[in-house]
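S.K.: Pasting in a structure now, in structure tokens, and then I'll have a few things to ask.
The values are calculated or read from the model by the stated rules, or taken from the named source; none is laboratory data. Just so it is clear, the model here is predicted, and its values are computed rather than measured. Every residue, glycine among them, receives a Cβ derived from its backbone with ideal geometry; neighbour counts consider all protein chains shown. Areas reflect the complete protein model, heavy atoms only, side chains present, ligands, DNA and RNA absent. Shrake-Rupley method; radii C 1.70, N 1.55, O 1.52, S 1.80 Å.
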Amino acid sequence: MTGHPDGSPHKFTVVQSPFIKVVMTLVKLFAALCLGVLLLGFLVDLAGEREREAARGTQCRNNLRQIGLALHKYHDDYGGFPPAYTVDANGKPLHSWRTLLLPYLDHKDVYNAIDLSKPWDDPVNAKANTAVVAVYLCSSDQEERHRTPYLAVVTPGSCMRSTESRPLSEVTDGNPNPIMVIEVPMNSAVPWMSPQDADENLVLNSNSRDDLHHAGGNYVLFVDASCHLMSSDTPAAKLRSLISTAGDENSEPGADVNQ
């Protein structure tokens, strides 16, 4: 290689043609445009998901409010809220309170097709068992069309007794507005006709699960038929107070609950 007189090597300068400069500029603009489109798509998807989640939340609140109103209509007719489940002569569970509410939820046809003297899963009740009762479904879980996440709270001190009706005057004697029904995580959903509900353990652990239907918590129905989102950060002691008709003088009902 021939160098300069001072012994330093030659330096070559690459000169880009105007055409190459234009091409490089277009490539950069195209890359920026693609990045912008991807970012815009992400933001649109995020906004859409938020809208869908808001719609799912609204649907669940409406479902629980309808259930709450049906419970009160049942109370007006029978002088008390329904038992959590009916039993046969031997005390074996037959049918859920959800079945008893069907006439108050515009599903009297399904109710009339059920043989209440036979268990919910008896072959004679197979047709009714496959009926889709929309008010018992969560829109976040469309694959399970015959399962419900809406379970009554059934404990020694809850609004609903296992096998006996309970009047409202007893329910609000201590806690003026206890929780009556909760929305449990997806993996705890049950067939809507099944006489299965939520004990204290399920209530206390449901909010900490990673398969909740809604971000931040789950919806609960109070005995006055109001529905609220229960934060996943609600302390266990607070939950115990809210599901008990005895209440807790140290805990104000409704705290830690979002509209």
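For (1) buried (at least 17 other Cβ atoms within 10 Å of the Cβ); (2) farther than 22 Å from Leu204 by Cα; (3) in contact with an Asp or Glu (Cβ under 7 Å, 6 or more places away or on another chain), each residue gets a yes or a no:
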residue	(1), (2), (3)
Asn112	no, yes, no
Asn125	yes, yes, yes
Gly157	no, no, no
Pro178	yes, no, no
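S.K.: Quick one: Val223 ticks every box in (1) under 29 Å from Gly79 (Cα atoms); (2) out of contact with any His (no Cβ under 7 Å at 6 or more places or on another chain); (3) open to solvent by 10 Å² or more (accessible area, probe 1.4 Å) bar one, so which box is it?
M.R.: The number of the failed condition is (3).
S.K.: In segment 148-199, which residue that is part of a loop (DSSP other than H, G, I, E, B), within 17 Å of the chain's Cα centre (by Cα) and among the aliphatic types (A, V, I, L, M) is nearest to Lys92 (Cα to Cα)?
M.R.: This residue is Ala189.
S.K.: What single numbered condition from (1) of a type in the set (S, T, N, Q); (2) closer than 18 Å to Ala225 by Cα; (3) open to solvent by 20 Å² or more (accessible area, probe 1.4 Å) fails to hold for Ser188?
M.R.: Going through (1) of a type in the set (S, T, N, Q); (2) closer than 18 Å to Ala225 by Cα; (3) open to solvent by 20 Å² or more (accessible area, probe 1.4 Å) one by one, Ser188 breaks only (2).
S.K.: Would you pick out the residues in segment 200-213 that are at pLDDT 85 or above and either among the hydroxyl-bearing types (Ser, Thr, Tyr) or in contact with a helix residue (DSSP H, G or I) (Cβ under 8 Å, 6 or more places away or on another chain) (or both)?
M.R.: Of all residues in segment 200-213, those at pLDDT 85 or above come to 200-204.
Those that are at pLDDT 85 or above and either among the hydroxyl-bearing types (Ser, Thr, Tyr) or in contact with a helix residue (DSSP H, G or I) (Cβ under 8 Å, 6 or more places away or on another chain) (or both): Glu200, Leu202, Val203, Leu204.
S.K.: Of Asp197, Asp224, which residue is of a type in the set (Asp, Glu), under 13 Å from Tyr150 (Cα atoms) and at pLDDT 85 or above?
M.R.: So the residue among Asp197, Asp224 that is of a type in the set (Asp, Glu), under 13 Å from Tyr150 (Cα atoms) and at pLDDT 85 or above is Asp197.
S.K.: Turning to a different aspect of this structure: Run down Thr163, Thr155 and say which single residue is out of contact with any Phe, Trp or Tyr (no Cβ under 6 Å at 6 or more places or on another chain), under 20 Å from Leu242 (Cβ atoms) and modelled with pLDDT of 90 or more.
M.R.: Details: Thr163 fails: under 20 Å from Leu242 (Cβ atoms).
Checking each option against the conditions leaves just Thr155.
S.K.: Contact list please: Cβ distance under 6 Å, first residue in segment 230-250 and of a type in the set (Lys, Arg), second residue modelled with pLDDT under 90, pairs at least six apart or on different chains.
M.R.: Listed pairs, sorted by first residue: Lys238/Ser251; Lys238/Asp256.
S.K.: Sort out which residues of segment 229-240 are polar (S, T, N, Q) and either modelled with pLDDT of 90 or more or open to solvent by 20 Å² or more (accessible area, probe 1.4 Å) (or both), and write them in order of number.
M.R.: If the condition is that a residue be polar (S, T, N, Q) and either modelled with pLDDT of 90 or more or open to solvent by 20 Å² or more (accessible area, probe 1.4 Å) (or both), then Ser231, Ser232 are the ones that fit.
S.K.: Within segment 127-140, restricting attention to residues that are surrounded by 13 or more Cβ atoms within 10 Å (Cβ to Cβ) and part of a loop (DSSP other than H, G, I, E, B), which residue is modelled with the highest pLDDT?
M.R.: Val133
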